[in-house]
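*Asks:* Mind having a look at this structure? Questions to follow.
The values are calculated or read from the model by the stated rules, or taken from the named source; none is laboratory data. No experiment lies behind these values; they were computed from the predicted model shown. Neighbour counts are summed over all protein chains in view; Cβ atoms, including those assigned to glycine, are modelled from backbone coordinates with ideal geometry. Protein only, heavy atoms only, side chains kept; ligands, DNA and RNA dropped before computing areas. Shrake-Rupley method; radii C 1.70, N 1.55, O 1.52, S 1.80 Å.
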Amino acid sequence: MAKTAIAYKEKMKEISVLSLICSCLYPETRKNIMGDFEDLDIKPINKRASGQAFEVILKPSSPVSDVTHCVTTPPKRDVSLEDIQKKLEAAEDRRRSQEAQVLQALAEKREHERDVLLKAMEENSNFSRMAEEKLQMKMEQNEENRLAYLAAMMERLQERERHAQEVRKNKELREEVTA
């Protein structure tokens with residue numbers, strides 16, 4: 001528990017709001033403005049069953065620490081009309097560039113959609129053509145099979161007719177011989 005309290009205290013040193021504000025106001029390197037956090041006391045509490053809890057106690061500030069925490073704003077530069085114009089032009093250029101990138105991305109997306117649509121139409125056309133060819137071949141095969149079946153039936157019918165005529169002839173010859 002004591003290790004976590006020390007770790008928490010170290011984390012507080014690393015991420016302090018005042019340090020963040022100072023880094024925004026003073027971008028140049030600075031010496032340790034925050035000090036050693038001697039006015040901060042962290043006590044672990046064992047009352048939580050779901051995790052760890054800490055009590056952060058701030059000690060009353062001493063007159064010495066007030067001097068180290070004093071923050072002054074950096075001196076402002078005089079901004080000329082030319083600087084403002086340059087910044088506005090740069091912003092306009094960035095806006096145009098971003099707009100061009102968006103339009104280019106949109107054009108590429110439309111081109112891709114068109115390519116996909118053309119490919120889908122081509123595949124559909126190929127599928128339709130192949131299906132039609134397959135159906136045509138099947139119909140031709142069925143027609144050939146039907147004609148072959150009819151020819152075979154006619155041949156059998158003619159064979160029967162010849163056989164029947166032979167039988168009749170033989171019957172007449174027998175009747176003439178017996179008569």
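*Asks:* Provide a single number: the residues in the stretch 141-179 that are part of a helix (DSSP H, G or I) and open to solvent by 100 Å² or more (accessible area, probe 1.4 Å).
*Replies:* Qualifying residue count, the stretch 141-179: 20.
*Asks:* Something else now. Which one of these is surrounded by 10 or more Cβ atoms within 10 Å (Cβ to Cβ) and either among the basic types (Lys, Arg) or at pLDDT below 65 (or both): Lys31, Lys76, Lys47, Lys86?
*Replies:* Going through Lys31, Lys76, Lys47, Lys86 in turn, just one is surrounded by 10 or more Cβ atoms within 10 Å (Cβ to Cβ) and either among the basic types (Lys, Arg) or at pLDDT below 65 (or both): Lys86.
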